[in-house]
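The values are calculated or read from the model by the stated rules, or taken from the named source; none is laboratory data. In this text, all values refer to a predicted model and were calculated from it rather than measured experimentally. Neighbour counts run over all protein chains shown; Cβ positions are idealised from the backbone, glycine included.
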Amino acid sequence: MTESLSSPPLPGPHLGRFDGQVAIVTGGASGIGEATCRRLVAEGATVVIADMQLERAAALSAELGARALAQGFDAADVRSIQTLIEGTVERFGRLDVLHNNAAISTPEVHARDKNAIDIEFEVWDQVMAVNLRGYLAGCKYALPQMIRQGRGAIVNTASTGGFSGDISRMAYSVSKAAIVGLTRQIATHHGAQGVRCNAVAPGLVLTPGARGSAGPVIDLMQRQLLVPEIGVPEDIAAVVCFLASSEARYINGQTYIADGGMLAHNPTMADLRDMMAQRR
């Protein structure tokens, strides 16, 4: 893998940007969710780290201090999501930010998430229950409190997989495309009530799961980037926190693609670049 060793430091948190605010981050114990929790706490928020891996969430909470609370939850269980959100409101009296970020990412499910002919409906339903219905449930139970407050921000994690076809993980890609549509619907229905709903669509990001992938696959994808370095979870957390903050108050119903430029160019760009280099 050809990661740059001279990457510039990432921008630091905007201190105080979320002072007095309460946030929930689902899938918050690792990867993009963990980076978002860290940044929200650094910027003044009280954060509920919601994750199926409660021990990991508790360890992160202990590290982050008094303004971080671990909460176990199951993104496929609507009642669990309702309990998470209503319990947060009951405890803190408000909810300012919801980052719908949990997604099904087990290698076993991905291996069975194939094409329209080969996929099993059990796998399709499992992916949709977590990646899509779970996000809808988060919105459904967060919205009443945000409307009562007259303000709130929801940020959904989509994916570049929702914008282009792939040779695998069909259900995953379709669920992420649906999240883009869900984001627009929530913004359209509730924007005038003070609730903003936006999404971030990450491309290749060096999460723990991605780092476990075969090196040649990551190298192949890196050739398509228009930036020197592969993205890290903190890059996506920065976008999430911007969209959740008052700085983005005039942004609603949008999906920000954070993929190092991968979707910005001709699909044959890397091959054409190699061909032109050989002609020199």
Check 225, 204 and return the single one that is surrounded by 13 or more Cβ atoms within 10 Å (Cβ to Cβ) and within 17 Å of the chain's Cα centre (by Cα).
204
Which residues, counting only those in segment 117-169, are farther than 18 Å from residue 256 by Cα and of a type in the set (Val, Ile, Thr)?
117, 119, 123, 127, 130, 147, 167
Selection within segment 256-280 - in a loop (DSSP other than H, G, I, E, B) and crowded, with 18+ Cβ neighbours inside 10 Å
259, 260
Within segment 152-181, take every residue that is part of a helix (DSSP H, G or I) and of a type in the set (Ser, Thr, Tyr) and give me the one that is surrounded by the most Cβ atoms within 10 Å (Cβ to Cβ).
175
Can you tell me which residue is modelled with the highest pLDDT among those in segment 7-65 that are over 17 Å from residue 98 (Cβ atoms), assigned to a helix (DSSP H, G or I) and touching a Pro at 6+ places or on another chain (Cβ under 7 Å)?
42
Can you tell which of 149, 82 is more than 22 Å from the chain's Cα centre (by Cα) and in contact (Cβ under 8 Å) with a residue 40 or more places away in the chain?
149
Taking the condition under 20 Å from the mean Cα position of the chain (by Cα) and closer than 26 Å to residue 148 by Cα, does residue 92 pass?
no
Does any residue of segment 237-248 turn out to be within 27 Å of residue 44 (Cβ to Cβ) and in contact with a Gly (Cβ under 6 Å, 6 or more places away or on another chain)?
no
Of all residues in segment 109-119, which are more than 21 Å from residue 26 (Cβ to Cβ) and part of a helix (DSSP H, G or I)?
111, 112
Please determine whether any residue of segment 77-99 is crowded, with 23+ Cβ neighbours inside 10 Å, in a loop (DSSP other than H, G, I, E, B), small (Gly, Ala, Ser) and at pLDDT 95 or above.
no
